[in-house]
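Note sheet for the following structure.
The values are calculated or read from the model by the stated rules, or taken from the named source; none is laboratory data. For clarity, every value in this text was computed on a predicted model and none was experimentally measured. Glycine gets a Cβ as well: all are built from the backbone with ideal geometry, and neighbour counts include every protein chain shown.
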């Protein structure tokens, strides 16, 4: 399981006070006494407050400091006593915190569904939060998505909430109300808070949430009455589509049915068409994150094969070079000897044995920092073709004016020896040295060997599984608390 998310240096918080007086608020009072792991599906990991692994069990008590993490195609349900509370989405990590009658679920990464069917007592609190933002709930239904420490989205299906985000100065804070059927995106950038609210449609509800709604007709009615979202109609349309076996992007021959026009990214930037790959793929672009994803998406196969890249507005020669760099990575992934072709060749080989496993070959992308003097991008991969799972990341930091890829000494001050010392001390402080991790693990590293990214004004150095320790120790990620010399 990954390390716990770090708290932002900027004070940014979101208080969502549930003001719902709907039919969800029924029955007697629930004592906010404890949390339990109701059930799990797939690969779920639990750690206690000392970092010790615990075998998950149904109805297991979750105490303060416990971590619950999910892997691919895996989920965890957490109850507040006998009242259904939350569902942890796949590839997510949450931490339980409790102090007297104050309970918190900290979402370190990923997504979380919540459905509070009985409001908490007047003297009780329940917060769902990221490392820097808080959702205070009493009786409502919706879900949260935590993109990073500075951005969080809250979707409300039922009820009315009030969102506030504070920046560095009190004058920078903003507050707004969010109604059922709306989404609030809360973020802090350069110390200033911002909230944007927009309406949502039923087809935006993710699968992991729909699965919790599909058998609850009373909840369907409450959501329809409160938000106008017809969840039942959306479920029927999904079922009809599955029965029809229709697929818009893949033809009868298995070949992709793309138009030849190029797709456009933010600012009208052309990032090319995926039609030349000769594979049954789909492509999407998210203007909010500026991330393009191309997915190997043939019907009838259990695959999670995709490649993501950032797409920047090409305002300088440097940004043109940066975009070209990531386009080349995508071409390699889907090229003749790339990972996508390898997976496709394997699953379509008649000699390949049948399996219920989902084969995985994925590269995700995230822009972690963008300033006039640097651009930082983190790519992270997962690989599973049966047997052992592999995972890790690859980071890139560029000069946006020239497109030159930077090394760590371009971003922070220090000699090669001093940088090694900073990283060793950070590893010691975060993980400790012992049998799993040696103090000499990076003694021969040169400056261009450090894989690093910039987040929240600091350099983070990452090491993949097996890179500096035995595979059982997992990956490592440390923050260097020294100032940047590029802002």
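The table for this structure:
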item: Residue within region 323-336 that is farther than 17 Å from residue 364 by Cβ, at pLDDT 90 or above and buried (at least 18 other Cβ atoms within 10 Å of the Cβ) present; result: yes
item: Test: residue in region 228-243 that is assigned to a helix (DSSP H, G or I), closer than 13 Å to residue 157 by Cβ, modelled with pLDDT of 90 or more and out of contact with any strand residue (DSSP E or B) (no Cβ under 7 Å at 6 or more places or on another chain); result: no
item: Any chance residue 313 is assigned by TED's automatic domain parsing to the domain that holds residue 366 and buried (at least 19 other Cβ atoms within 10 Å of the Cβ); result: no
item: Residues of region 466-487 that turn out to be under 16 Å from residue 381 (Cα atoms), part of a loop (DSSP other than H, G, I, E, B) and at pLDDT 75 or above, as a count; result: 3
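For (1) in a helix (DSSP H, G or I); (2) out of contact with any helix residue (DSSP H, G or I) (no Cβ under 9 Å at 6 or more places or on another chain); (3) modelled with pLDDT of 90 or more, each residue gets a yes or a no:
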{"site": "402", "(1), (2), (3)": "no, no, yes"}
{"site": "409", "(1), (2), (3)": "yes, no, yes"}
{"site": "421", "(1), (2), (3)": "yes, yes, yes"}
{"site": "428", "(1), (2), (3)": "yes, yes, no"}
{"site": "433", "(1), (2), (3)": "no, no, no"}
